[in-house]
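Report on the following structure.
The values are calculated or read from the model by the stated rules, or taken from the named source; none is laboratory data. Note that the coordinates shown come from a computational prediction; the quantities given were computed from them, not determined experimentally. Every residue, glycine among them, receives a Cβ derived from its backbone with ideal geometry; neighbour counts consider all protein chains shown.
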């Protein structure tokens with residue numbers, strides 16, 4: 001993978017997140033089918049809750065992975081470097097916090 005700001009590089013984490021999202025996609029397809037075919041309200045809501053939970057977990061996994069690999073510290077801050085030669089900008093604590101709060 002190319003090194004870009006905020007990109008996930010942990011291939012194992014990416015695989016797990018993608019699998020979780022694919023499961024959620026399958027669950028959502030089942031919810032849509034149940035709604036279109038007049039499925040039982042209780043079952044539809046239960047499945048929709050499972051989809052929502054799966055998406056939340058995927059989002060938290062992305063944030064967790066980003067926190068481990070994208071967080072910058074004062075030691076690695078390259079504010080004095082020439083912009084053309086500087087490595088791609090990492091996520092700041094504030095950016096990670098904002099992303100995390102969008103899931104809350």
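For region 89-101, indicate whether the set of residues that are modelled with pLDDT under 85 and exposed (fewer than 11 other Cβ atoms within 10 Å of the Cβ) is non-empty. Yes, region 89-101 contains a residue that is modelled with pLDDT under 85 and exposed (fewer than 11 other Cβ atoms within 10 Å of the Cβ).
Scan region 33-50 for residues that are loosely packed, with under 15 Cβ neighbours inside 10 Å and part of a helix (DSSP H, G or I) and the total you get is 9. Within region 1-26, the set of residues being surrounded by 11 or more Cβ atoms within 10 Å (Cβ to Cβ), farther than 19 Å from residue 95 by Cβ and at pLDDT below 90 comprises 14 only.
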